[in-house]
Amino acid sequence: PVIRVMLADDHAVVRAGLRAELGEAFEVVGEADDAEGAIDVIEARRPDLVVCDLHMPRGGGLLVVERCATICPIVILTVSEAERLSRSALGFKVTRSPSSANATMLSSSCMPSARRPSTRSVRLILA
């Protein structure tokens with residue numbers, strides 16, 4: 001079966017590059033250029049997966065996680081290793097994923113349980 005994916009990044013060229021790289025195993029079912037738009041698309045289309053930039057207008061990737069991690073898995077993209085420190089400061093425990101040297105798990109164990117996404121549902125990718 002094809003994986004239905006939603007892309008959220010404030011740079012159209014990044015969304016286009018992601019779309020081109022996904023291949024035929026994925027179907028892009030929506031795109032957004034800010035957090036609020038991403039949330040609207042996720043709630044309306046219920047994708048199987050979200051690929052989301054950490055830094056976007058109107059809330060960024062963390063707002064998307066806060067509102068939508070219970071709907072579907074979310075992969076957060078960033079280019080900064082320094083994000084490990086800032087994620088910890090915001091209540092996320094950040095640890096390396098054993099499955100990939102480039103994938104970092106965001107564990108939300110410090111968040112209130114009502115807002116806590118599954119630790120399997122959010123990943124931060126350091127590019």
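The values are calculated or read from the model by the stated rules, or taken from the named source; none is laboratory data. Not measured: the values here are computed from a predicted model. Note that each Cβ is placed from the backbone with ideal geometry, even for glycine, and that neighbours are counted across all protein chains shown. The accessibility values were calculated without ligands, DNA or RNA, using every heavy atom of the protein model including side chains. Shrake-Rupley method; radii C 1.70, N 1.55, O 1.52, S 1.80 Å.
Annotations for the structure displayed:
- For Cys52, nonlocal amide neighbours, meaning residues 5 or more places apart or on other chains whose placed amide H falls under 5 Å from its own, are Ala8, Val75, Ile76, Leu77.
- Summing +1 for each Lys or Arg and -1 for each Asp or Glu among the other residues whose beta-carbon sits under 11 angstrom from that of Ala16 gives -1.
- Around Asp40: net Lys/Arg minus Asp/Glu count, Cβ-Cβ under 13 Å: -1
- Computed from Cα atoms alone, the Kirkwood hydrodynamic radius reported for region 1-76 is 11.8 Å.
- Surface share of carbon and sulfur [accessible, 1.4 angstrom probe, percent] for region 19-76: 46
- Charge context of Glu31, other residues only, Cβ under 10 angstrom, K/R +1, D/E -1: 0
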